[in-house]
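First up is the structure itself, then whatever we jot down about it.
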Amino acid sequence: MGQDESRMVDKKTPPQTLKSRTLEAVAAYIKEGSARRIVVMTGAGISTSAGIPDFRSPDTGLYANLARLNLPYAEAVFDIEYFRGNPLPFYALAQELYPGKYRPTITHSFIHLLHQKGLLLKLFTQNIDCLEREAGVPGHKIVEAHGSFASQSCIDCKAPYPEDLMKKAIKEEIVPKCLRKRCDGLVKPDIVFFGEQMPADFFHNRSLPGDADLCIVMGTSLSVQPFASLPMMCGDGTPRLLINSEQVGEMGSRADDVLLLQDCDTGVRKLAEACGWLDELEALWEQTAPWARAGQPKPDKADEPEKSFDELLQDEVDKLTKEIDKNLKLTQDQHTWLENHVDNKIARIRDAEADKDPTAPLTTAQSLTSETKVDRSDPSGGGLYHVFPWLDKKSSL
């Protein structure tokens with residue numbers, strides 16, 4: 001994952017092409033017209049802020065949440081041989097990932113902006129979510145190294161399958177079969193499963209980074225080959241910008257490598273601002289909002305500035321804190337009400353007993369205060385422990 005410090009370029013080594021190894025220098029390089037053939041390489045990190053989990057993050061990754069599918073091992077859901085024998089788990093998972101459920105991030109819109117400006121030579125992506133397409137990047141500009149949901153075909157005869165029928169199958173968790181007579185093979189989206197070859201399109205375009213005058217790598221660990229070798233295809237004097245939460249691969253080992261170690265959305269905003277494109281980018285990203293795509297007017301709340309990932313995380317923490325405080329207050333209110341209710345009932349019983357026989361023992365009241373015990377082992381036995389678990393902790397009850 002990380003790179004040894006000894007293999008990083010010496011800070012004293014001057015850049016060959018850029019004026020300095022800074023984001024501002026990359027922006028100046030773009031603005032002066034030196035970057036006309038930009039190659040972008042992306043991974044799961046550009047989609048996590050859209051709500052799509054990556055595959056291997058502990059507890060939150062897709063593989064960590066597949067226990068409900070009863071797989072022999074997590075990766076089996078993307079194993080072609082397992083799929084042949086039991087395709088249902090994949091179609092259950094496909095409901096969570098199928099395009100249309102998630103909004104593209106501003107990073108996806110940044111790639112679209114590069115295309116609009118005529119600067120995008122090619123996008124190489126490891127993602128299967130199609131969010132680049134949803135953001136407006138045309139298919140001929142994208143190399144989906146691991147395939148995607150953009151098309152589907154029979155795993156036996158390779159015949160294409162209609163998109164509308166695939167949507168219906170995934171929605172209903174139905175396993176589609178090939179429409180060709182005498183085939184009846186299983187159909188799946190053209191995602192590269194374990195045991196399958198990478199798309200020919202990847203190998204046809206693999207040398208393109210050598211023609212680039214700028215390489216931007218975002219949201220990838222650069223740990224899976226042969227995708228991980230793509231940045232090395234760039235010429236020695238080609239500037240390479242990494243926007244990622246950590247340094248990866250051999251990024252940072254060349255004189256014109258610039259590392260922006262933060263989340264992708266924040267990084268592309270900074271780059272767009274340095275290029276003078278931020279308003280353009282925000283407007284382009286706004287077009288991906290559900291209300292905009294439905295042709296509806298902008299909601300009032302949309303007038304608020306877009307929050308960063310850290311701000312959204314803090315909002316979630318604040319929301320959770322308020323819910324906990326509310327629940328604690330509700331619990332205290334319930335207990336206070338219950339104490340008052342029991343005290344009033346005891347007082348009424350005492351008054352009633354005193355009216356009947358002032359010298360008689362208060363057996364009913366005593367049974368309420370001392371004889372009635374909460375049965376923790378049997379919630380159905382008449383006790384209230386299963387509803388009010390604090391009852392046996394208060395001596396007044």
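The values are calculated or read from the model by the stated rules, or taken from the named source; none is laboratory data. The structure displayed is predicted, hence computed values, not measured ones. Glycine gets a Cβ as well: all are built from the backbone with ideal geometry, and neighbour counts include every protein chain shown.
Key figures
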read-out: In the stretch 134-147, residue nearest to Val175 (Cα to Cα) [restricted to those that are in contact with a helix residue (DSSP H, G or I) (Cβ under 8 Å, 6 or more places away or on another chain) and part of a strand (DSSP E or B)]; value: Glu144
read-out: Counted residues, the stretch 219-250 - those being out of contact with any Pro (no Cβ under 9 Å at 6 or more places or on another chain), among the β-branched types (Val, Ile, Thr) and farther than 17 Å from Asn127 by Cα; value: 1
read-out: Residue pairs meeting the criteria (Cβ under 7 Å; at least 6 apart or on separate chains; first acidic (Asp, Glu), in the stretch 184-203; second part of a strand (DSSP E or B)); value: Asp184/Lys177; Asp190/Gly147; Asp190/Ser148; Asp190/Ser151; Asp190/Gln152; Asp190/Ser153; Asp201/Val143
read-out: Residue match in the stretch 195-212 (condition: within 30 Å of Leu114 (Cβ to Cβ), loosely packed, with under 15 Cβ neighbours inside 10 Å, assigned by TED's automatic domain parsing to the domain that holds Phe83 and in contact with a helix residue (DSSP H, G or I) (Cβ under 7 Å, 6 or more places away or on another chain)); value: yes
read-out: Every pair of residues 6+ apart whose Cβ atoms lie under 6 Å, when the first sits in the stretch 76-103 and is without any contact (Cβ under 8 Å) to a residue 60 or more places away in the chain while the second is surrounded by fewer than 17 Cβ atoms within 10 Å (Cβ to Cβ); value: Pro89/Leu69; Tyr102/Gly51
read-out: The one condition in (1) acidic (Asp, Glu); (2) at pLDDT 90 or above; (3) in contact with a strand residue (DSSP E or B) (Cβ under 8 Å, 6 or more places away or on another chain) that Glu32 fails to fulfil; value: (3)
read-out: Output for the stretch 271-311, where each listed residue is among the aliphatic types (A, V, I, L, M), surrounded by 13 or more Cβ atoms within 10 Å (Cβ to Cβ) and modelled with pLDDT of 90 or more; value: Leu271, Ala272, Ala274, Leu278, Leu281, Leu284
read-out: Output for the stretch 46-99, where each listed residue is of a type in the set (S, T, N, Q) and at pLDDT below 85; value: Ser57, Thr60, Asn65, Asn70, Gln95
read-out: Unique residue being modelled with pLDDT of 95 or more and of a type in the set (Val, Ile, Thr) when the list is Ile111, Ile128; value: Ile111
read-out: Meets criteria (surrounded by fewer than 17 Cβ atoms within 10 Å (Cβ to Cβ), outside any helix (DSSP H, G or I) and assigned by TED's automatic domain parsing to the domain that holds His108) for Glu246; value: yes
read-out: Hits in the stretch 196-225 - residues which are out of contact with any Ser or Thr (no Cβ under 9 Å at 6 or more places or on another chain), farther than 20 Å from Val248 by Cα and in a loop (DSSP other than H, G, I, E, B); value: Glu196, Gln197, Met198, Pro199, Ser207
read-out: Phe149 vs. criteria more than 19 Å from Ser47 (Cβ to Cβ) and either of a type in the set (A, V, I, L, M, F, W, C) or in contact (Cβ under 8 Å) with a residue 60 or more places away in the chain (or both); value: no
read-out: Among residues of the stretch 194-203, those that are in contact with a strand residue (DSSP E or B) (Cβ under 7 Å, 6 or more places away or on another chain) and over 14 Å from Lys158 (Cβ atoms), counted; value: 4
read-out: Per-region count, the stretch 7-36, residues among the basic types (Lys, Arg) and either surrounded by 17 or more Cβ atoms within 10 Å (Cβ to Cβ) or in contact with a His (Cβ under 9 Å, 6 or more places away or on another chain) (or both); value: 1
read-out: Residue check for Asp265: closer than 16 Å to Ser49 by Cβ, outside the structural domain of Ser207 (by TED's automatic domain parsing), in a helix (DSSP H, G or I) and at pLDDT 60 or above; value: no
read-out: Enumeration of residues in the stretch 66-110 that are of a type in the set (Val, Ile, Thr) and assigned to a helix (DSSP H, G or I); value: Val77, Ile80, Ile106, Thr107
read-out: Residue ID - farthest from the chain's Cα centre (by Cα), chosen from residues in the stretch 114-133 that are assigned to a helix (DSSP H, G or I) and farther than 17 Å from Ala35 by Cα; value: Arg133
